[in-house]
Protein chains: 2
Amino acid sequence: MAFTFQINDDVHFKHDQQLLAKANHNRPTLHHQQVKPQTLVKLVKQADQLEGWGVEAVAPASALAEQPLKRDGKLILDFGDHQVGQFSIQIDSVGSPMDAPLSLKLKFAEMPAELARNSADYDGWLSKSWIQEETVHLDTLPATLALPRRYSFRYVELTVIDTSPKWQAVFSEPVVTTVSSANPQAVSVPKLADPELKKIYQVGVKTLADCMQDVFEDGPKRDRRLWIGDLRLQALADYATFKNTALVKRCLYLFGAMPAEDGRVPANVFTKPQATPDDTFLFDYSLFFISILADYQAFQADAEVMQDLYPVAKRQMDVALKQVSVAGELQLTEDNPVFIDWSNDFDKATAGQAVIIYVLKQFIQLAKQQADPDLATYQSQLAALVAFAKTKLFDADQGLFVSGPNREVNVASQVWMTLAHVLSPAERQRVMQTTVHQLFPITGIATPYMYHHVTAALFEAGLTDDAIALMKNYWGKMIRLGADTYWEAFDPNHPDYSPYGSPILNSYCHAWSCTPVYLIDKYLVK
Amino acid sequence: MAFTFQINDDVHFKHDQQLLAKANHNRPTLHHQQVKPQTLVKLVKQADQLEGWGVEAVAPASALAEQPLKRDGKLILDFGDHQVGQFSIQIDSVGSPMDAPLSLKLKFAEMPAELARNSADYDGWLSKSWIQEETVHLDTLPATLALPRRYSFRYVELTVIDTSPKWQAVFSEPVVTTVSSANPQAVSVPKLADPELKKIYQVGVKTLADCMQDVFEDGPKRDRRLWIGDLRLQALADYATFKNTALVKRCLYLFGAMPAEDGRVPANVFTKPQATPDDTFLFDYSLFFISILADYQAFQADAEVMQDLYPVAKRQMDVALKQVSVAGELQLTEDNPVFIDWSNDFDKATAGQAVIIYVLKQFIQLAKQQADPDLATYQSQLAALVAFAKTKLFDADQGLFVSGPNREVNVASQVWMTLAHVLSPAERQRVMQTTVHQLFPITGIATPYMYHHVTAALFEAGLTDDAIALMKNYWGKMIRLGADTYWEAFDPNHPDYSPYGSPILNSYCHAWSCTPVYLIDKYLVK
């Protein structure tokens, strides 16, 4: 997540210190590894790679110290895989005594395409401060340059801005100290006969691991914060892999501790320098707090968490249900928009209706466990929502759901109604079959988040071959384009698409893209 | 000094550890002060200022925290006078929670003209690494930004490269922690009736103080190292003001400890990370080691220093005298050039001859004190040098010295022959009178170093009014153009001249320019 912004500076938040204390108590242990680059590479045009740029090895990394650089001298270190962590390198001078500082630019890139762009050319709305580039001056050498910030990268480009005409800079011992709260020992990779699926799974695990930090981050390069939409998918992927349930618990408490005064949890929170809720709200994201709690309880029953957070979950449902008419129709508002997907080029009413049904079903399970006296009310509201969906939103002639005043047919409606199990198993299989026949290949969707839900709906509808084919055409295609981790945004019809106008702002390791590990585990392994 | 470069990578140096230990033993105490800016200013066109740029106050510095900045937002802090030290500032965010790092550029400028230039446009030979500009990223706010490097500046320009569309950065408590080994309490400013001379004196004291660091630096902004040519003038200025003789001693030991294998001391040395001689040699600079030692002994007799360094001094003279013919003519070589001045557009043979005479006279004083058995030899060599100068280099018809095969008449020859007292007092007064009448106004000289020697020669020749007029037209003109400290380079006929093609590389506080304090003290006060 990241591609949304609202400014709601009149919203006030509560801070429940007891819940925040529990969030702190579940702060994860961070694991570190020292990783060294294997090769020095150069940027080369490669038509089959993202934006037409790849790399080619020019020397082993051990040759680094034999390559003194002067003004405009440049080299690229390839760490062989995606890394998240802190970078350091030794620098010395050769030639005459060092009669001027060293000025050095370091650029960290997840993908070669980033190195092909000049950062100064970027002028989009997203903050330039995300560009992973530093310029440093060193007054005396030899020195260890240990950059204090955390970067997300596979490649490090060193460019000497200047030495002096009398001496050159030499580099040695580059190393990244990685950081992640994922314990690699905790994963037992399932045996998968299909090598492509195996690779898809592995890249998913790496994506998830690199996003697991002090919280589940959406992307270690950019945004670096906890979004509910990403958290829901990360938690599901975590149960299938690292099983770091304390981290899920921590994140649930963070959201639960800081609702707005009307009770809604924000779409995301910040944790540094202290826990702070963002002023962004999304209808479906607030509801997904319930879904995350329900998924967590299903994986690991936890009475304390239920006790603490059921009231927060109930509040999300109650606030959301205020937007449902007596007839059972969800009525969306502009100031609490439903996300579904980045694209705003399709009608989201029916998908939104499906999301509240999906979540209300999970909530009713929790309400039963809690013996909530209001259970019957929720059940009747669910019935009304489902009845409205079946009678008003499902077009039996087309065999598809329609959305909005123009009765628009779109993929998201079918997918979410399928995931919400509004129709019978046979009916929803027919809906998804019709979707595949009439609405595929998918157009206009650029998020792995939405592709995840499409793939999940195909699996849910029993269309396993279609689901696998989509997974290979989507996540598999990222790998073929050079991905070491899955991307925040990817439109297979327009592989070079960036929502920000430049790959240097794209996050090429993004949490909501890691879900093949969950889908493979749930539908192909278990 | 700075504007010269040689690469002599085949030169080997000795390191006398005993002398280096004495250099370390005389390491100075550094004094610190906390200085805050008084005003926020903006850059404005002012025709009578350097390069046509000045500043205008827009608000008191206390208004800083009321000026939140977003992308491309900019402000300039004016510290009111030249500062050398480390800068820090408090930064916070206002608006929505901070959803992206802060990216901030800081530019430190001694003169407004530097702020008017875009650093990226500079492409000269001098290292770009000297440009006093940093770009930093701060991942979380509030934060204290305490930059680790030392800068030389009066103005600090803060430019927000980016926040995000949702929040702004606010700044407060900017402060510089100054550093200098000059103790301001040690100076008793002479009473000067002429306010212009008083101001010229004060700016000279400030220039000297800001160059007095761990060694006598040539410029705190650029080069930041110990050059013999600057040291000789700084030491003379120091005796007139701060009287920090330990610092002079330290610098003498540094040079004395690290001669090349042929005995010559290098033109400059580095002290960080450890004492290292540069591979640059200049005929006159090596000789000036003697001059500095003699001036030091004249100010403060020091038997230990004499004992330690007389052999080094003698070696400089012996090496230099190898270039003197039996007839008493100095024969310059290309690999050991004489400096005299940056300009290479005049013949330097006669000025060089005068320098060796000037220094040999000082050396003979030292040799007498040491009862050197070779004294008579040096005296006869001096006689030959003087005789050659009088008979072959002085053109009685013109009443001026000539230089080189084309018998060129230039200012430097007259000045150095006057300083060397080659002719009688009456004769040298006539030489300088003729110089003023025929060769003034001076053209083609852009260094305060050479202007110092011209002014000193006028004083030596008793032409006090001419000397004062020149001081006011030269150092006084820098002040009128906006100088808080004196500049490395200044041609009053071309005030905007930069030897580096851009004011952002000029050093506007440079040691060899501080000498009005010495000249005023010696010729107008005592």
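The values are calculated or read from the model by the stated rules, or taken from the named source; none is laboratory data. On a predicted model such as this, the values are computed, not experimentally measured, just so you know. Cβ sites come from the backbone with ideal geometry, for glycine too, and all protein chains shown count toward neighbours.
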Practice problem: Hey, could you check segment A:235-281 for residues that are under 21 Å from residue B:98 (Cα atoms) and among the aliphatic types (A, V, I, L, M) and say which is nearest to the other protein chains (Cβ to nearest Cβ)? | Solution: A:269
Quiz item: Counting only residues that are farther than 14 Å from residue A:157 by Cβ and buried (at least 21 other Cβ atoms within 10 Å of the Cβ), which one in segment A:62-83 is nearest to the other protein chains (Cβ to nearest Cβ)?
Solution: A:83
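Conditions (1) surrounded by 18 or more Cβ atoms within 10 Å (Cβ to Cβ); (2) more than 27 Å from residue B:240 (Cβ to Cβ); (3) outside the structural domain of residue B:490 (by TED's automatic domain parsing), marked per residue:
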{"position": "B:303", "(1), (2), (3)": "no, no, no"}
{"position": "B:307", "(1), (2), (3)": "no, no, no"}
{"position": "B:311", "(1), (2), (3)": "no, yes, no"}
{"position": "B:327", "(1), (2), (3)": "no, yes, no"}
{"position": "B:346", "(1), (2), (3)": "yes, yes, no"}
{"position": "B:374", "(1), (2), (3)": "no, yes, no"}
Quiz item: Exactly one of (1) in a helix (DSSP H, G or I); (2) touching a Phe, Trp or Tyr at 6+ places or on another chain (Cβ under 8 Å); (3) among the hydroxyl-bearing types (Ser, Thr, Tyr) is unmet by residue B:280. Its number?
Solution: (1)
Practice problem: List every residue pair whose Cβ atoms sit under 7 Å apart, with the two residues 6 or more apart in sequence or on different chains, where the first one lies in segment B:484-505 and is under 17 Å from residue B:47 (Cα atoms) and the second, anywhere, is of a type in the set (Lys, Arg). | Solution: B:492/B:477; B:503/B:117
Quiz item: Where residues in segment A:44-61 are assigned to a strand (DSSP E or B) and crowded, with 19+ Cβ neighbours inside 10 Å, which of them is farthest from the chain's Cα centre (by Cα)?
Solution: A:55
Quiz item: Any residue in segment B:239-261 that is touching a strand residue (DSSP E or B) at 6+ places or on another chain (Cβ under 6 Å), crowded, with 24+ Cβ neighbours inside 10 Å and assigned to a strand (DSSP E or B)?
Solution: no
Self-check item: Selection from segment A:176-189 of residues that are buried (at least 19 other Cβ atoms within 10 Å of the Cβ) and assigned to a strand (DSSP E or B)
Solution: A:176, A:178, A:179, A:180
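Within segment B:454-474, identify whether any single residue is among the β-branched types (Val, Ile, Thr) and under 16 Å from the mean Cα position of the chain (by Cα), and answer yes or no.
no
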Quiz prompt | Residue list for segment A:423-453, restricted to those being hydrophobic (A, V, I, L, M, F, W, C), assigned to a helix (DSSP H, G or I) and under 19 Å from residue A:494 (Cβ atoms) | solution = A:439, A:450
Quiz prompt | Any hit, segment A:298-308, residues being away from every other protein chain (no Cβ under 14 Å) and under 29 Å from residue A:478 (Cβ atoms) | solution = yes
Exercise. Looking only at segment B:281-296, decide whether some residue is surrounded by fewer than 21 Cβ atoms within 10 Å (Cβ to Cβ), among the β-branched types (Val, Ile, Thr) and either touching a residue at least 24 places away in the same chain (Cβ under 8 Å) or not assigned by TED's automatic domain parsing to the domain that holds residue B:416 (or both).
Key: no
Exercise. Kindly provide the set of residues from segment B:502-526 that are over 19 Å from residue B:268 (Cβ atoms) and outside any loop (DSSP other than H, G, I, E, B), ordered by number.
Key: B:516, B:517, B:518, B:519, B:520, B:521, B:522, B:523, B:524, B:525
Quiz item: Quick check, is residue B:512 under 30 Å from residue B:79 (Cα atoms), touching a Leu at 6+ places or on another chain (Cβ under 6 Å) and of a type in the set (Phe, Trp, Tyr)?
Solution: yes
Exercise. For segment B:167-177, state whether one or more residues are at the interface with chain A (Cβ under 8 Å from one of its Cβ atoms) and either closer than 20 Å to residue B:72 by Cβ or touching a helix residue (DSSP H, G or I) at 6+ places or on another chain (Cβ under 9 Å) (or both).
Key: no
Quiz item: Scanning segment A:297-324 for residues that are free of Cβ contacts under 8 Å to residues at least 24 places away in the same chain and part of a loop (DSSP other than H, G, I, E, B), which turns out nearest to residue A:257 (Cα to Cα)?
Solution: A:301
Quiz item: Which of the residues spanning segment B:375-422 are assigned to a helix (DSSP H, G or I), over 15 Å from residue B:330 (Cα atoms) and of a type outside the set (Ser, Thr, Tyr)?
Solution: B:375, B:376, B:379, B:411, B:412, B:414, B:415, B:419
